Amino acid sequence: KFSGPNFTESYCWPPVARGCDVVAISYEGNDPFLYIPPVLTFLQSTSCYKALSHRSGPLALILCPGWKKAQLVFELLKTYGRCSRQLHPMLIILGQNKEEARRVKIRGCEVIVTTPYSLLRLFEYHTLLFCRLCHLILDEIEVLLSDTTEQVFTILDCYKKAIIAEEWECSPHQVIAVGTRWNKHIAHMIKEFMNDPYIVITAVEEASIYGNVQQVVQPCMNSERTAVLLKILDFTDNNQKVLVFTNSGNEAEIVHKALKSNSIFSLKIHKEGEFNVKYILEQWTKKCRSGSHIVLVLTDDCMQSLGITDATCVIHFGFPSPRIFGQRLHSISDNFYNGIKDSSVDQECTKAKSVILLTENSACNNALGILRYLQHAEAEIPPELHDLTAKTLEAEEDKLSRPLCAYLKTFGICKNRTVCPDRHQINLQMDVSQNIPDKIIQTPGCVTILPLHIVNATNYFGRIVDKEKDQYTTLNEEINEYFKKPNNKISVKTVEKLAFYGLCEKTLFHRVQVVEISPKEEENLFFQVKIKYIDEGRTSQVPSYQLLHLPAEFQCLPPQAVEFIVCRVKPIDNEIEWNSKVTHYIHHKIKGKLHEAKIVHTLGNTAWVDPMVRIELLPDLKMSVVEYNVRSEILSTGLGTDNPEHLTQLQKL
């Protein structure tokens, strides 16, 4: 059902399939399909690899920024590899246990998918790993070069040395790097480790960074914009072709009039007034040939019909949105510096320039996106832009509907705070304690907990069990006794959002709450609803007819599910998500078993525990021993590491 390559793939696939070095930066740059089909195509040509040594080792190595992306790439290779000769791909994700790396067998494997840290651990025990390597692929290059710069350049260096040592004159050697953003380290990588690469950049904003466009932010009062514009247009160089972008036809008229009254030759075009595209393009070309300046005042909706790409400067008189900003920069794309920037290229001497007029009326939402782009471009940013965006961030954080960031709770920090949609500040209205007994909040200490729903290695939902008199145990027995009588199983006719119901699952009955009803589904006789098991914490989709009327006496006890987070441990290698191996291991170890835990902090429906241990009773000796400590079990897998700042960061919040 594949319809054909998209725009970026059309440019990437031919050079990749010919064995050339390629750098591709695109909005779809995190899609492995940019390189998988052409690499698989090349690997079919077994004759290309005849000159290689007969030692074991992969022909292709795909480096991914994390275990989750590596798993996705591996699954895609297995799917599309069915159409090709057997390549025996391997997914290699290694923890810090050295014995694990020693045990890996790579004989017969022609493609390895891994991460930089895992590869270097493997390389310690498999020193001939690079001896047959022909294709080194760097997936999400901007993430790799931001988070694992040293490791990636170590790997590139090993590959370069292997090529020299093996003297592969007749064998291919190829480096492919794909991503969504240009990174300052890419230039160094191209210079040191690539051979005349094809550079494909289909994201205009990123092309402008590669093309060394000078980005200027000019703060001014809204009433002073026209005067500031006239100062900017006080040219010193000949042959300037300037586009002044406005946000409305009325604004375009005002600017055009001001330029004319100051004897600056200018043209105007906007959809609200009469215009002649042919005449404007003739003037744009003619005036520049004679060596004089030309200014064109326009609105964004006229860009496409003009198709201008040879402007030397764009002035954003009207403040742009991030999307429009990229489209405007396309107008100067002919003047992007075409080559890898080095110290000999002076920023001031580059031909293309972009000037943003920043006023007190500039849209705050747009300003945040522009600020992030300018930071990425390493442009000089005035304090006025920081002040404007700080207000936006503060307003966003105040939204009550957003939950507290899960990464913040689990690890103490959120690495992707600029794009994370959740809250990163405590809100006293939202974060009032729920489902946690008052006596525990007042005097946090040791409690007995029962984990029932395992989210990941350190996050679980379950119940706090009162060993003296557990109200839920009594209620649960009564509910199950009640629903055993057929007459009591009354199906609900009208399902209401947030209402409580009973639900039979196998032989047990649970209290559930409807959290979501699809508007489309409501019209059907039988429809799916999203429910939450209020005493366990898990969610599920069930048919509406399975919901049972729950008598009021069974709704008196508040929901019992509490979120538990094990403190002071995080994934290795700066990962932001737990590897599924360690999550499965902890799931089988702790689910449904009573544990003793010390609650060190509570907030909302969350209790942070440190430690959390399983106690084994030895009745013959009339004593108990610690069977295991959950945090220690996570560390023992080699996939977790110490996180000493976790509680400190939470307390700062």
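Please go through the stretch 506-576 and write out the chymotrypsin sites (Phe, Trp or Tyr not before Pro) that DSSP classes as loop and that have at most 13 other C-beta atoms within 10 Å. Spell out each step's value before the answer.
Values: sites: PHE509, PHE526, PHE527, TYR533, TYR545, PHE554, PHE564; in loops: PHE526, PHE527.
Those that pass, being in a loop and sparsely packed, are PHE526.
Hey, got a sec? Which GluC sites (Glu not before Pro) in the stretch 561-633 land in a DSSP loop and have at most 16 other Cβ atoms within 10 Å?
GLU577
Where the only charges are on Cβ atoms (+1 Lys, Arg; -1 Asp, Glu), what is the dipole of the stretch 216-328 about its Cα centre, to the nearest 20 debye? Don't skip to the answer; put the middle values down first.
Numbers: 13 positive and 11 negative charges, 44 e Å.
Dipole magnitude for the stretch 216-328 comes out near 220 debye.
Out of residues 5 or more away from VAL465 or on other chains, whose amide H comes under 5 Å of its own, with H placed 1.01 Å from N in the peptide plane?
For VAL465, whose amide H was placed from the backbone, the distant partners under 5 Å are THR448, ILE449, LEU450.
Could you order GLU274, GLU9, GLU384, GLU100 by accessible surface area, starting with the largest, using a probe radius of 1.4 Å?
Numbers: GLU274 185, GLU9 10, GLU384 90, GLU100 45 Å².
Result of the area sort, largest leading: GLU274, GLU384, GLU100, GLU9.
At 20 °C and 1.002 mPa s, what whole-number value in µm²/s does Stokes-Einstein give for the translational diffusion of the stretch 7-202, with Rh from the Kirkwood sum over Cα pairs?
Here the translational diffusion coefficient equals 129 µm²/s.
For a quick check: with amide H placed at 1.01 Å from N, whose amide H comes under 5 Å from ASP21's, ignoring anything fewer than 5 positions away on the same chain?
Residues meeting the criterion, in which the H sits 1.01 Å from N, are VAL175, ASN195, TYR198.
Rounded to the nearest 5, what % of the DSSP beta bridges within the chain are antiparallel ones? Could the numbers behind the result be given before it?
Working: 47 of 100 bridges.
In the chain, approximately 45 percent of DSSP beta bridges are antiparallel ones.
Taking the Cβ of ILE479 as the centre, find all other residues whose Cβ is under 13 Å away and add up their charges (Lys, Arg: +1; Asp, Glu: -1). Provide the component values of the computation, followed by the final result.
Working: positive: LYS484, LYS485, LYS489, ARG511; negative: GLU477, GLU478, GLU481, GLU505, ASP535, GLU553.
Overall, the nearby charge balance is -2.
Among residues other than THR115 whose Cβ falls under 13 Å from its Cβ, what is the net charge (Lys/Arg +1, Asp/Glu -1)?
Numbers: positive: LYS68, LYS69, ARG121; negative: ASP139, GLU140, ASP147, ASP573, GLU575, GLU577.
With Lys, Arg at +1 and Asp, Glu at -1, the net is -3.
With every protein chain present, what accessible area does TRP13 have (1.4 Å probe, heavy atoms only), rounded to the nearest 10 Å²?
50
Just want the answer: with Cβ charges of +1 for Lys and Arg and -1 for Asp and Glu, which residue in GLY307, THR115, ALA60 is farthest toward the dipole's positive end in the chain?
ALA60
For the stretch 401-652, how big is Rg over Rh, using alpha carbon atoms and the Kirkwood form of Rh?
Working: Rg = 19.8 Å, Rh = 20.0 Å.
Reported Rg/Rh (Cα atoms, Kirkwood Rh): 0.99.
Given LYS409/LYS591; LYS184/LYS353; LYS469/LYS652; LYS160/LYS351; LYS241/LYS271, which pairs have Cα atoms separated by over 30 Å? Walk me through the numbers on the way to the answer.
Details: LYS409/LYS591 21 Å; LYS184/LYS353 19 Å; LYS469/LYS652 36 Å; LYS160/LYS351 35 Å; LYS241/LYS271 22 Å.
Pairs exceeding the cut-off: LYS469/LYS652; LYS160/LYS351.
What aspartates and glutamates does LYS493 reach when the alpha-carbon gap must be under 15 Å and sequence neighbours fewer than 8 apart in one chain are set aside?
Leaving aside aspartates and glutamates fewer than 8 places away in the same chain, those within reach of LYS493 are GLU521, GLU522, GLU523.
Dipole size in debye (nearest 20) for the chain around its Cα centre, Lys and Arg Cβ +1, Asp and Glu Cβ -1? Each step should come with its number before you reach the end.
Details: 71 positive and 76 negative charges, 276 e Å.
Roughly 1320 debye for the chain.
Within the stretch 447-507, list the GluC sites (Glu not before Pro) lying in a DSSP loop whose Cβ has at most 14 other Cβ atoms in a 10 Å radius.
Numbers: sites: GLU468, GLU477, GLU478, GLU481, GLU496, GLU505; in loops: GLU468, GLU496.
Hits after loop and neighbour filter: GLU468, GLU496.
Would you rank ASP21, ASP387 by solvent-accessible area, highest first, keeping every protein chain in place and using a 1.4 Å probe? Could you put the intermediate results ahead of the total?
Details: ASP21 10, ASP387 95 Å².
Highest to lowest solvent-accessible surface, that is ASP387, ASP21.
Would you give the gap between the C-alpha center of the stretch 1-43 and the C-alpha center of the stretch 190-211, rounded to a whole Å?
The two parts, judged by their Cα centres, are 15 Å apart.
Please compute the Kirkwood hydrodynamic radius of the stretch 216-273 from all pairs of different C-alpha atoms, in Å with one decimal.
Working: mean 1/r = 0.0800 Å⁻¹.
One decimal place: 12.5 Å for the Kirkwood radius.
For a quick check: with amide H placed at 1.01 Å from N, whose amide H comes under 5 Å from TYR628's, ignoring anything fewer than 5 positions away on the same chain?
ARG614
Per residue of the stretch 153-165, in order, report the coupling 6.51 cos²θ - 1.76 cosθ + 1.60 (Karplus, θ = phi - 60°) as ³J(HN,Hα) in whole Hz, putting x for Gly and Pro.
Karplus-based 3J(HN,Hα) across the stretch 153-165 equals 5, 5, 5, 4, 5, 4, 5, 4, 5, 5, 4, 5, 5 Hz.
Quick check: from the Cα gyration tensor, does the stretch 463-504 come out rounded (a/c under 1.5), prolate or oblate?
On the way: a/c = 4.59, a/b = 1.63, b/c = 2.82.
Taking the square roots of the gyration eigenvalues as a ≥ b ≥ c, the stretch 463-504 is oblate.
So how tilted is helix 471-483 from the main axis of the chain? Cα-based, degrees 0 to 90, rounded to 10.
That works out to roughly 80 degrees.
LYS593: which aspartates and glutamates have alpha carbons under 15 Å from its alpha carbon, excluding same-chain residues fewer than 8 sequence positions away?
Once the sequence-local aspartates and glutamates are set aside, what remains near LYS593 is ASP466, GLU536, GLU616, GLU627.
Which value in Å is the Kirkwood Rh of the chain over different Cα pairs?
Details: mean 1/r = 0.0336 Å⁻¹.
Answer for the chain: a Kirkwood hydrodynamic radius of 29.7 Å.
About the Cα centre, and with charges only on the beta carbon of Lys, Arg (+1) and Asp, Glu (-1), how big is the dipole of the stretch 401-652? Nearest 20 debye, please. It would help to have the intermediate numbers written out before the result.
Working: 31 positive and 30 negative charges, 48 e Å.
Roughly 240 debye, rounded to the nearest 20.
I want the local charge near PHE33. Using Cβ-Cβ distances under 15 Å, sum +1 for each Lys or Arg and -1 for each Asp or Glu among the other residues.
Working: positive: LYS1, LYS69, LYS78; negative: GLU9, GLU28, ASP31, GLU75, ASP139, GLU140.
Around PHE33, the surrounding residues sum to -3.
If ARG82, ARG225, ARG372 are ordered by their accessible area, calculated over protein heavy atoms with a 1.4 Å probe, which sequence runs from highest to lowest?
Ranked list, largest accessible area first: ARG82, ARG372, ARG225.
The values are calculated or read from the model by the stated rules, or taken from the named source; none is laboratory data. All figures in this text were calculated on a predicted structure; none of them were measured in a lab. Note that each Cβ is placed from the backbone with ideal geometry, even for glycine, and that neighbours are counted across all protein chains shown. Only protein heavy atoms, including side chains, enter the accessible area calculation; ligands, DNA and RNA are left aside. Shrake-Rupley method; radii C 1.70, N 1.55, O 1.52, S 1.80 Å.
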